[in-house]
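**Student:** Submitted below is the structure of interest, expressed as structure tokens.
The values are calculated or read from the model by the stated rules, or taken from the named source; none is laboratory data. These numbers come from a predicted model, not from an experiment. Note: ideal-geometry Cβ built from the backbone for every residue, glycine included; neighbour counts use all protein chains shown. Note: areas computed on protein heavy atoms with side chains; ligands, DNA, RNA excluded. Shrake-Rupley method; radii C 1.70, N 1.55, O 1.52, S 1.80 Å.
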Amino acid sequence: MNTPKALLNHLTPAQFLAEYWEKKPLLIKQAIPNFKGLLTPDELAGLACEADVQARIVTFKKGKWSAKHGPFDEDDFAKLPEKTTPENNWTLLVQSVNHFLPEAAALLQQFDFIPHARLDDLMVSYAPNGGGVGPHFDSYDVFLLQGQGKRLWRISEQTDLTLVEGAPLRILKQFDTAQEWLLEAGDMLYLPPHLAHWGIAVSDGAQDCMTYSIGFRAPKNQELATEFLGFLQDKLNQDALQIAGIYQDPDLTLQTHAAEISKEMISKVSANLEKLQWQKMLNDGALVGEFLGTYLSEPKSHVVFEKNKKISLAQFAEKIQLQGLALDFKSQMLFVNATFYLNGESFTCANASANLLKTLADKRECMPNNLQDDRLLMQLYAWYLAGFIHLKSA
Ligand code: SIN
Ligand code: CO
């Protein structure tokens with residue numbers, strides 16, 4: 001945290017966090033010198049044709065925006081205009097490229113001065129001259145790293161964030177440019193949430209534009225509240241929160257209206273619900289930590305893991321010492337104290353073994369040496385069979 005990084009305009013990560021993160025934009029020339037990108041336009045289009053990849057083609061034609069969702073096939077690309085202008089253009093956007101490309105996963109590791117719990121994904125876009133997704137704002141922090149080609153970025157200081165009604169994507173009704181920069185390969189722009197921006201691909205007869213968006217999720221408070229209530233519901237169903245017994249009314253007296261829910265019934269139920277001790281639960285760091293670990297490590301609904309080929313536990317125990325372990329590119333692993341969350345599953349570790357799992361979570365790989373903890377071995381084996389982790393080297 002104390003070493004200045006070219007990636008952050010020669011600031012230390014601590015300085016970047018204090019001065020820019022969630023506060024103001026930062027242009028970083030040559031954040032990654034010699035960065036040309038991680039995949040070709042054809043490879044990106046290939047990914048967009050895969051069933052488990054989330055991709056969109058956004059087109060702008062005669063003043064109207066449209067968006068089509070993947071998976072795509074060759075015909076979808078053949079239909080796109082070859083000659084583009086600012087009035088007639090398109091762009092391809094592919095989400096979670098880090099789930100498929102080792103180089104993309106490695107690129108994200110460079111941003112690990114931001115907690116993994118905040119990381120969303122690496123989105124890669126391709127656009128011919130004039131292409132882009134129009135003026136808009138995002139609800140999350142993003143580092144926009146330029147790959148091949150160039151992109152003109154405009155940012156605005158406007159507070160009016162009214163969107164065009166009925167558009168298939170979020171486009172700002174009006175946009176006042178405050179600053180603009182032409183980004184070339186290796187340049188990067190950090191934008192805090194809700195800052196209006198507009199990127200326009202510029203290809204000067206050379207290479208078309210590819211932009212790498214390293215996005216950090218910022219869950220809505222409402223989403224967290226709803227999910228937390230769902231988490232509590234699961235806990236209640238498992239009886240973990242212990243409100244035993246059934247509704248009882250031995251003191252029932254005759255009611256004038258049989259259909260009326262009486263004050264007595266309401267207060268009895270209130271008193272029973274109070275036994276849940278809501279305030280205590282909310283102040284219980286362990287419970288909220290368990291919720292966050294489970295929820296934030298949960299894979300998105302479209303993510304599928306490929307199971308590893310079955311080997312015996314004894315073979316597994318031997319191989320991990322020789323080859324090491326690595327998280328699957330799609331895996332999300334977080335921890336709170338010595339409880340580890342991998343893709344929504346939790347495992348509480350004996351303290352002596354926690355360092356191994358901490359390394360696996362932080363670095364996405366680890367080298368188990370002389371593993372003595374049988375419970376941990378069994379858990380690693382189960383995660384291996386599920387395809388959440390793999391043997392590192394063959
Ligand atoms: C893009 O890469 O075209 C869009 C990135 C963004 O504006 O968030
Ligand atoms: Co954006």
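**Student:** Just to be sure I understand, how many residues within region 93-130 are touching a Pro at 6+ places or on another chain (Cβ under 6 Å) and surrounded by fewer than 18 Cβ atoms within 10 Å (Cβ to Cβ)? Give the steps one after another, and end with the answer.
**Tutor:** Taking region 93-130 as the starting set, the residues that turn out to be touching a Pro at 6+ places or on another chain (Cβ under 6 Å) are 113, 126, 130.
Subset that is surrounded by fewer than 18 Cβ atoms within 10 Å (Cβ to Cβ): 113.
Final tally of qualifying residues: 1.
**Student:** Next question. State yes or no: is residue 226 of a type in the set (Val, Ile, Thr), free of Cβ contacts under 8 Å to residues at least 40 places away in the same chain and not in a loop (DSSP other than H, G, I, E, B)? Break it down stepwise before answering.
**Tutor:** Details: of a type in the set (Val, Ile, Thr): yes; free of Cβ contacts under 8 Å to residues at least 40 places away in the same chain: yes; not in a loop (DSSP other than H, G, I, E, B): yes.
In short, yes.
**Student:** Let me ask another. If the requirement is being in a helix (DSSP H, G or I) and either over 24 Å from residue 304 (Cα atoms) or open to solvent by less than 60 Å² (accessible area, probe 1.4 Å) (or both), which of these qualifies: 380, 371? Write out each step before concluding.
**Tutor:** Values: 371 fails: in a helix (DSSP H, G or I).
None of the others qualify; the one that does is 380.
**Student:** On to the next question. Give me a count of the residues in region 301-327 that are under 15 Å from the mean Cα position of the chain (by Cα) and either in contact (Cβ under 8 Å) with a residue 24 or more places away in the chain or surrounded by 15 or more Cβ atoms within 10 Å (Cβ to Cβ) (or both). Walk me through how you get there before you give the answer.
**Tutor:** First, pick out the residues of region 301-327 that are under 15 Å from the mean Cα position of the chain (by Cα): 301-303.
Remaining after also requiring either in contact (Cβ under 8 Å) with a residue 24 or more places away in the chain or surrounded by 15 or more Cβ atoms within 10 Å (Cβ to Cβ) (or both): 302-303.
Total satisfying the criteria: 2.
**Student:** Considering (1) modelled with pLDDT of 95 or more; (2) within 15 Å of ligand 1 (Cβ to nearest atom); (3) in contact with a His (Cβ under 9 Å, 6 or more places away or on another chain); (4) part of a loop (DSSP other than H, G, I, E, B), say which one residue 37 fails and leave the rest.
**Tutor:** Among (1) modelled with pLDDT of 95 or more; (2) within 15 Å of ligand 1 (Cβ to nearest atom); (3) in contact with a His (Cβ under 9 Å, 6 or more places away or on another chain); (4) part of a loop (DSSP other than H, G, I, E, B), residue 37 violates only (3).
**Student:** Within region 312-320, is there a residue that is assigned to a helix (DSSP H, G or I) and within 24 Å of residue 53 (Cβ to Cβ)? Steps first, answer last, please.
**Tutor:** Step one: of region 312-320, the residues assigned to a helix (DSSP H, G or I) are 313-320.
Adding the requirement that they be within 24 Å of residue 53 (Cβ to Cβ) leaves none.
Checked against the condition, which is being assigned to a helix (DSSP H, G or I) and within 24 Å of residue 53 (Cβ to Cβ), region 312-320 yields no hits at all.
**Student:** Still on this structure, please answer the following. Looking at residue 180, is it away from ligand 2 (no atom under 14 Å from the Cβ), within 24 Å of residue 63 (Cα to Cα), among the acidic types (Asp, Glu) and not in a strand (DSSP E or B)? If you could, list the steps in order and put the result at the bottom.
**Tutor:** On the way: away from ligand 2 (no atom under 14 Å from the Cβ): yes; within 24 Å of residue 63 (Cα to Cα): yes; among the acidic types (Asp, Glu): yes; not in a strand (DSSP E or B): no.
Against the criterion (away from ligand 2 (no atom under 14 Å from the Cβ), within 24 Å of residue 63 (Cα to Cα), among the acidic types (Asp, Glu) and not in a strand (DSSP E or B)), residue 180 does not qualify.
**Student:** What's the number of the condition residue 42 fails, among (1) surrounded by 11 or more Cβ atoms within 10 Å (Cβ to Cβ); (2) assigned to a helix (DSSP H, G or I); (3) of a type outside the set (Val, Ile, Thr)?
**Tutor:** (1)
**Student:** Quick check on region 289-296. Is at least one of its residues open to solvent by less than 20 Å² (accessible area, probe 1.4 Å), touching a Ser or Thr at 6+ places or on another chain (Cβ under 7 Å) and either among the polar types (S, T, N, Q) or under 20 Å from residue 119 (Cα atoms) (or both)?
**Tutor:** yes
**Student:** Sticking with this one: Sort through 164, 142, 133 and tell me the only one that's within 22 Å of residue 200 (Cα to Cα), within 16 Å of ligand 2 (Cβ to nearest atom) and open to solvent by 50 Å² or more (accessible area, probe 1.4 Å). Steps first, please.
**Tutor:** On the way: 142 fails: open to solvent by 50 Å² or more (accessible area, probe 1.4 Å); 133 fails: open to solvent by 50 Å² or more (accessible area, probe 1.4 Å).
Step by step, each of 164, 142, 133 is checked, and only 164 is within 22 Å of residue 200 (Cα to Cα), within 16 Å of ligand 2 (Cβ to nearest atom) and open to solvent by 50 Å² or more (accessible area, probe 1.4 Å).
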